[in-house]
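Following: one structure in structure tokens, then a few remarks.
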Amino acid sequence: MKSFNASLLREKFTISDPKHADREDLATIAVSNRMVVDLTNPQSKSHERYIIRGQNMHTVVRMAAYIIDEYETGGPIAARGFFNWQKAWEEVLTDHEYRYNPERWFAIYHNGKRIFEELGKDVHPFLDMIEKCDFSNKQTYDYAVPMAQELLKQAGKPIDLKYDSNVALNIVVEKNEARVGVILRGSSKTTTFNFLGRPRLPKEPLDIALCLNTAALFLEGIQLAFTVGMNEQKLKIGIIARQTDEHMQARAEKDRLEMLQDEIGNLGTVLDIHYRPERPDLLKLAAKAEAKARTIIVPPDEEGEWVT
């Protein structure tokens, strides 16, 4: 593919009984990260569209990269009749996430139908309905939300629906270069940076999957840096006890962060990459998170209660 455009969308659906729309404690909440992968081949005029949803942003983006790489190396996926999505998932899912994130969930949609989900992990049924509505209407994705609400009303199951969304990642590929913007919104600050990726050699085609995997490194690393920084403070004041499972996970997360930092440092060997502003330093971000944690997580008071 010579061109590619996509965005990663963070979504929150708050579903309530109209009689209790003001009772947040009674609402059902569906949270998801969503990315659309449009695959086109001008020569064969083929077009495939996959929707990826999941708990974690970086995993969604890594699956998008996997699908694009598979399409570019092996051709159209749907036309094959069978594709081993389980194998694809096993290659995308990192050992760290498999071991330390039992709450994860993941799903892939094609033509409005869910064609894959991780075994034993529940996908909220409202997300299935949203994808069905999106596929069946000819308007933009935003129309799928009120459409789903109207269909439920017609079926005698009216709901009050609040929808919030924001973009976490944009990628635009054209003229053999990728422009990528990463936007991570925290409780007190929004972290934003951009990078431009080109092939190392002038006549070499751009590896779009590599650019997406690069974005996934930053999405995972920036979020993990915050967790590592907070955990360092919790370890120091005893909220996390030494030699416990929680301590072992904190150590694994720090090791994972250092590995991501090394991978980011090696990107220049496989991609001509330019950052604006400068490239994020994950270890420095973790140190800043720890400094912030010292102001909001303090040792217990005289009665033994933790103060935050």
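Show me, for the stretch 84-99, the HN-Hα J-couplings you get by feeding each phi into the Karplus relation (A = 6.51, B = -1.76, C = 1.60, θ = phi - 60°), rounded to Hz, glycine and proline as x.
7, 5, 5, 5, 4, 5, 5, 7, 7, 5, 7, 4, 4, 5, 4, 7
Give me the aspartates and glutamates in straight-line cross-link reach of K254: C-alpha distance below 12 Å, same-chain residues under 8 apart excluded.
Answer for K254, where 12 Å is the Cα cut-off: E232, listed by chain and number.
Based on DSSP H runs of at least 4 residues, each adding -39500 (n - 2.57), what is the mean residue ellipticity at 222 nm of the chain after dividing by all its residues, to the nearest 500 deg cm²/dmol?
Calculated at 222 nm, the ellipticity per residue is -13000 deg cm²/dmol.
Quick one: how many Å² of T94 are accessible to a 1.4 Å probe, rounded to 10?
Answer for T94: close to 30 Å² accessible.
Excluding residues fewer than 8 places away in the same chain, name every one of the lysines whose C-alpha is closer than 20 Å to that of K87.
Here the lysines satisfying the reach criterion relative to K87 are K113, K121.
Which trypsin sites (Lys or Arg not before Pro) in the stretch 193-271 pass both tests, a DSSP loop state and at most 10 other beta-carbon atoms within 10 Å?
Listed in order of number, the matching sites are K203, R242.
Loop only by DSSP, 10 or fewer other Cβ within 10 Å of the Cβ. Give me the GluC sites (Glu not before Pro) in the stretch 195-302 that pass, ordered by residue number.
E278, E302
Alpha carbons only, please: Rg and Dmax for the stretch 1-154, in angstrom.
When restricted to the Cα atoms of the stretch 1-154, Rg and Dmax are 16.8, 55 Å.
Bin all alpha-carbon pair distances of the stretch 144-241 at 10 Å intervals from 0 and give each bin's fraction as a whole percent.
Result returned by the calculation: 12, 26, 20, 23, 15, 3, 0.
Hey, how many Å between the Cα centroid of the stretch 70-107 and the Cα centroid of the stretch 184-237?
21 Å
Out of the stretch 21-75, which trypsin sites (Lys or Arg not before Pro) are coil in DSSP terms and have no more than 11 other C-beta atoms within 10 Å?
Passing both the DSSP loop test and the Cβ count: R23, K45.
Under a GNM of the chain (C-alpha, springs under 10 Å), which listed residue has the highest mean-square fluctuation: Q223, Q139, Q261?
Judging by the Gaussian network model, the answer is Q139.
Can you tell me the accessible area per residue over the stretch 128-275, all protein chains present, probe 1.4 angstrom, in square angstrom?
With all protein chains present, the stretch 128-275 gives 54 Å² per residue.
Could you go through the stretch 32-41 in sequence order and give the Karplus-derived ³J(HN,Hα) for each residue, using 6.51 cos²θ - 1.76 cosθ + 1.60 with θ = phi - 60°, rounded to whole Hz, and x for Gly and Pro?
These are the phi-based 3J(HN,Hα) values: 7, 10, 10, 9, 9, 10, 9, 10, 10, 10 Hz.
Please check: in the Gaussian network model of the chain (C-alpha springs, under 10 Å), which one of I264, I183, I159 has the largest mean-square fluctuation.
Between I264, I183, I159, it is I159 that shows the largest mean-square fluctuation.
If the only charges are +1 at each Lys and Arg Cβ and -1 at each Asp and Glu Cβ, what is the size of the charge dipole of the stretch 153-263 around the Cα centre, to the nearest 20 debye?
I would put it at about 380 debye.
Could you compute how much accessible surface I15 exposes when probed at 1.4 Å, giving the result in Å² to the nearest 10?
30 Å²
Using a/c under 1.5 as the rounded threshold, could you call the stretch 196-308 rounded, prolate or oblate? The axes a ≥ b ≥ c are square roots of the C-alpha gyration tensor eigenvalues, and prolate needs a/b larger than b/c, oblate otherwise.
Since a/c reaches 1.5 and a/b is larger than b/c, the shape of the stretch 196-308 is classed as prolate.
Work out from phi, with θ = phi - 60° and the Karplus expression 6.51 cos²θ - 1.76 cosθ + 1.60, the ³J(HN,Hα) of each residue of the stretch 238-253, listed in order in whole Hz, and give x for Gly and Pro.
x, 5, 9, 7, 5, 6, 10, 4, 5, 5, 4, 5, 4, 5, 5, 5
Given the options D207, D38, D160, which has the most mean-square fluctuation in a GNM of the chain, springs set between C-alpha atoms less than 10 angstrom apart?
Maximum among the listed residues: D160.
Would you mind estimating how fast the chain diffuses translationally, via Stokes-Einstein at 37 °C and 0.692 mPa s with the Kirkwood radius over Cα pairs, in µm²/s?
153 µm²/s
The values are calculated or read from the model by the stated rules, or taken from the named source; none is laboratory data. All of these numbers come straight from a predicted model, not from anything done at the bench. Backbone-built Cβ (ideal geometry, glycine too); neighbour counts: all protein chains shown. Just so you know, the surface numbers come from the protein's heavy atoms only, side chains and all, with ligands and any DNA or RNA stripped out. Shrake-Rupley method; radii C 1.70, N 1.55, O 1.52, S 1.80 Å.
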